[in-house]
1. Of everything in region 342-362, what is open to solvent by 50 Å² or more (accessible area, probe 1.4 Å) and touching an Asp or Glu at 6+ places or on another chain (Cβ under 8 Å)? Give them in sequence order.
2. Let me spell it out: the conditions are (1) open to solvent by 50 Å² or more (accessible area, probe 1.4 Å); (2) farther than 15 Å from Tyr319 by Cβ; (3) assigned to a helix (DSSP H, G or I), and Gly441 meets all of them except one. Which number is the exception?
3. Being modelled with pLDDT under 65 and in a helix (DSSP H, G or I) is the filter here; which residues of region 115-138 pass it?
4. Quick check, is Gln448 polar (S, T, N, Q), open to solvent by 10 Å² or more (accessible area, probe 1.4 Å), in contact with a strand residue (DSSP E or B) (Cβ under 8 Å, 6 or more places away or on another chain) and over 16 Å from Glu327 (Cα atoms)?
5. Only residues that are surrounded by fewer than 19 Cβ atoms within 10 Å (Cβ to Cβ) and charged (D, E, K, R): list them for region 452-463, please.
6. I'm told Leu421 meets every condition in (1) among the aliphatic types (A, V, I, L, M); (2) touching a helix residue (DSSP H, G or I) at 6+ places or on another chain (Cβ under 7 Å); (3) open to solvent by 40 Å² or more (accessible area, probe 1.4 Å) except one. Can you identify the failing condition by its number?
7. Quick one: would you say Asp331 is part of a loop (DSSP other than H, G, I, E, B) and over 29 Å from Asp407 (Cα atoms)?
8. Since Leu328 meets every condition but one in (1) in contact (Cβ under 8 Å) with a residue 24 or more places away in the chain; (2) farther than 26 Å from Gly284 by Cα; (3) loosely packed, with under 15 Cβ neighbours inside 10 Å, which condition does it not meet?
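The values are calculated or read from the model by the stated rules, or taken from the named source; none is laboratory data. Nothing here was measured: the structure is a model prediction, and the numbers come from that model. With ideal geometry, Cβ positions are generated from the backbone for all residues, glycine too; neighbour counts draw on all protein chains shown. We work out accessible area using only protein heavy atoms, side chains counted, and drop any ligands, DNA or RNA first. Shrake-Rupley method; radii C 1.70, N 1.55, O 1.52, S 1.80 Å.
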Amino acid sequence: MKQKAPQISPNKLYASLLKKKNESDQQQKIVKSPVIQGNVYINSLRNNQGQLKVDAKKSRPTSGKDLKDISTVLLKKTHARQNSKIIETKENSQNLTQSALQLLQKIKAERPDNKIGQIQTSKEILQYHQQLIQKQYQKLLDLSKQTEHNQLQQQQQQQQQKQKLFKGPRSISNPDISTLQLCITKAHAKSIPGMLYTGQTKINQDSYKLIQKFGTKENDWYLQVSDGHGTNGHQVAQFVQEILPAYIEQEVMEAPYYYDRDKTINNIFKQSFLKTNEDLLNSGIDVTYSGATTVVVIAFENILYCANIGDSRAIIGRYDTKLQVVELSKDHKPDCFLEQARIIQRGGRVQAYSDEDGNPIGPARVWKLDEDVPGLAMSRSFGDYVASQVGVICEPEIIKHQLLPSDKFLVVASDGIWEFLSNEWVIETVNEYYKKGDAIGACNKLTQAAKEAWQREDEVIDDITVILAFFK
């Protein structure tokens, strides 16, 4: 019969286990954790714990009371472990939360101030962009106003410089300020047809143009007289009367305000005359032996520019101590030295009609070198295709004139006036009407006097056209 093992009381068993545990702790130099708020921290090495578990199994109690005591102890240890883990988890969570908050605060502190980040709603976003657009528009508006202001100042400075260049008579107190600004105050025109040798009234081949407020200014004027010749001379003169002023006015309107007036006006005249002649050659009008002379005067207040081709003429009546003539144009006759030299160089010849004995009759004329055509009595004109092949040109001669206080009136007329009436006689006649301010009476007087002169001197009467302008 086997001998029963002695029974060990639970208390002794527990004491034995504690003793062995203390010895193991001393060997490993491990100190027990302190008690934290009633919860025990039990830390031990895994090998020791494993050994304790083996020993516990070897001396596992068998009675119910012992098991109860042991389970109570183990339960307390389990609760201690769980509580320790909960505390560690809470502490770690709090640490992580604090670190995250610190990081966010640091990023917010380092981030530049951004207004868009403060916008919370789509309405605020829309308002914000509208404000940006309004600010940008205001900046552009301010910049535009500043640019306009600078340009205005520049224009005023340039205008002052031009006034110094084109100034009228100076005062004693301030020699740089003009005390008088002359301009055209009154103008009138008249044209009458000539008469054939049969006594019949001919087609009037003259035309004229008189424009007040030429361009944009009230005191700017445009005066033009064209004298046609040849079979279709009346068509040529009418064509020039319509086309040439339009070209010139368009160019003047497009010219910048601060332009170099003299240079620009010269270019405008030359280009406009050339364009008009090109259009005439392509117009369908037969200009083989037909053309027109033209004289133009543009008055920019007290500055006059005269452009002329042919033998129509413009003069000024000036009264200082006595009545004087100021010529604004020069007649382009074929026997003038420079004109004749150009014609000969281009294969033409200059010669007047001649009688049976070879004596010259009438004015010098342009002929082809080997033919007796065209017989033109001027060296510059519009049209005249045959004559243009031997040196007759349409480039105008341009003269500038600044009005003086002694300048009284302007006369622009076709050669129907100038053929038998001298410049001196014309200004003396017009001056009497100028004193009365009667431009219409002056025109009537000149046309009638010219007609009578033609009747005395010739078998025919040329067309007669005149424009008068009074200065004040």
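1. Scanning region 342-362 gives a single hit, Ile361.
2. Answer for Gly441: the failing condition is (1).
3. Ile116, Gly117, Gln118, listed by residue number.
4. So Gln448 fails the test.
5. The answer is Glu452, Arg456, Glu457, Asp458, Glu459.
6. Only one criterion is unmet by Leu421, namely (3).
7. On the way: part of a loop (DSSP other than H, G, I, E, B): yes; over 29 Å from Asp407 (Cα atoms): no.
No.
8. (3)
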